[in-house]
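I have placed the structure first, in the form of structure tokens, so that the comments after it can refer back to it.
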2 protein chains.
Amino acid sequence: MQGLDQLKYDADGLIPAIVQDADTGEVLMMAYMNKTSLAESIRTGRTHFWSRSRRKYWMKGESSGHVQEIREILVDCDADTLLIRAKQHGAACHEGYKTCFFRAYDAAEGQWQTQGTRLFDPQQVYGSK
Amino acid sequence: MQGLDQLKYDADGLIPAIVQDADTGEVLMMAYMNKTSLAESIRTGRTHFWSRSRRKYWMKGESSGHVQEIREILVDCDADTLLIRAKQHGAACHEGYKTCFFRAYDAAEGQWQTQGTRLFDPQQVYGSK
């Protein structure tokens, strides 16, 4: 497998990118990149994504300062998913948790249970947005 | 956030599920679940997915014996991505590597470089499939 042109983007030109904390191994979030945001991520060393809901480019941390410094970019065997190992400044989740995956399924209760503690108050970081 | 009915599936009824090794923290693979395969995963304690290319259900390890015993199921803040922590028997990747993410991008060369070593020979495990 050769360079970046081997990646398989979906019908919308997107590829899912899992972000993992390079130091702790925690899975922090998953978001979508396209060709342009991947190129920008490589150029700057910081994660850039395409927001499907807002239909715009965004850099992780652009509002909060909680940027992700890219240490390594990996691709899976099918070349249709990226794994990005990064140093996370602050917290990955806009709800104030270190990782976006802060709810675990409790099969006995049939409910999602919050685990982990908030590192910041979203209202203080993002204001009224 | 209450139970499983809070999950947001895409237009095809699918939700991406990242699988992480519960012991080592390695991200092993990403595949897609639908409501039925998630229910089957919870019921059996082993990961079941929906194959978009083959249009069928599959249990990880059904051919190879390399099953994934589920330890924990987490959901992200948007409720549209799952993270499954599992004990991986054998190797996750059908190409014989522990993880499907065995190629890292070498920006200097502009190429994907294989890292990690094969744990098994795919031909021996999967035969001529």
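The values are calculated or read from the model by the stated rules, or taken from the named source; none is laboratory data. Bear in mind that the values here come from a model prediction, so they are computed numbers and not experimental data. Here the Cβ positions follow ideal geometry from the backbone for every residue, glycine too, while neighbour counts run over all protein chains shown.
So for region A:75-89 (the condition being touching a Cys at 6+ places or on another chain (Cβ under 8 Å) and of a type in the set (A, V, I, L, M)), does at least one residue qualify? Looking for residues that are touching a Cys at 6+ places or on another chain (Cβ under 8 Å) and of a type in the set (A, V, I, L, M), one finds none in region A:75-89, hence no.
Scanning region B:16-38 for residues that are within 11 Å of chain A (Cβ to nearest Cβ) and either in contact with a His (Cβ under 6 Å, 6 or more places away or on another chain) or part of a strand (DSSP E or B) (or both) yields B:P16, B:A17, B:I18, B:V19, B:Q20, B:D21, B:V27, B:L28, B:M29, B:M30, B:A31, B:Y32. The set of residues in region A:39-56 being in a strand (DSSP E or B) and either of a type outside the set (F, W, Y) or over 13 Å from the mean Cα position of the chain (by Cα) (or both) consists of A:R46, A:H48, A:S51, A:K56.
Only one of A:E40, A:E69 is under 18 Å from A:Q88 (Cβ atoms) and either at pLDDT below 95 or not aliphatic (A, V, I, L, M) (or both); which?
Matching residue, one of A:E40, A:E69: A:E69.
For B:L38, indicate whether it is over 19 Å from A:A79 (Cα atoms) and surrounded by 18 or more Cβ atoms within 10 Å (Cβ to Cβ). The answer is yes for B:L38. Just to be sure before I move on: is B:E62 over 23 Å from A:I73 (Cβ atoms), within 14 Å of another protein chain (Cβ to nearest Cβ) and at pLDDT 95 or above in the structure I sent? No.
The residues on offer are B:Q88, B:Q113, and the sole one that is at pLDDT 90 or above and either among the small types (G, A, S) or crowded, with 18+ Cβ neighbours inside 10 Å (or both) is B:Q88.
Note on region B:107-129: residues that are touching a residue at least 12 places away in the same chain (Cβ under 8 Å), in a strand (DSSP E or B) and in contact with an Asp or Glu (Cβ under 8 Å, 6 or more places away or on another chain) amount to 1. Taking each residue of region A:75-104 that is free of Cβ contacts under 8 Å to residues at least 24 places away in the same chain and within 14 Å of A:M29 (Cβ to Cβ) and looking for partners that are buried (at least 23 other Cβ atoms within 10 Å of the Cβ) and of a type in the set (V, I, T) with beta-carbon atoms closer than 7 Å, six or more apart or interchain, yields A:R103/B:V75. Screening region B:78-129 for residues that are of a type in the set (K, R) and touching a Leu at 6+ places or on another chain (Cβ under 9 Å) and picking the one that is farthest from the other protein chains (Cβ to nearest Cβ) gives B:K98. Answer yes or no as to whether B:M33 is at pLDDT 95 or above, within 22 Å of A:Q20 (Cα to Cα), surrounded by 22 or more Cβ atoms within 10 Å (Cβ to Cβ) and out of contact with any Cys (no Cβ under 9 Å at 6 or more places or on another chain). The answer is yes for B:M33.
Taking region B:19-40 as the range and being farther than 23 Å from A:D80 by Cα and among the small types (G, A, S) as the test, the residues that pass are B:A22, B:A39. Out of the residues in region A:1-15 meeting the condition of being loosely packed, with under 12 Cβ neighbours inside 10 Å and free of Cβ contacts under 8 Å to residues at least 24 places away in the same chain, tell me which one is nearest to the other protein chains (Cβ to nearest Cβ). It comes out as A:Q2. Name the residues in region A:65-106 that are among the basic types (K, R) and either outside any loop (DSSP other than H, G, I, E, B) or within 30 Å of B:S53 (Cα to Cα) (or both), would you? Selection gives A:R71, A:R85, A:K87, A:R103.
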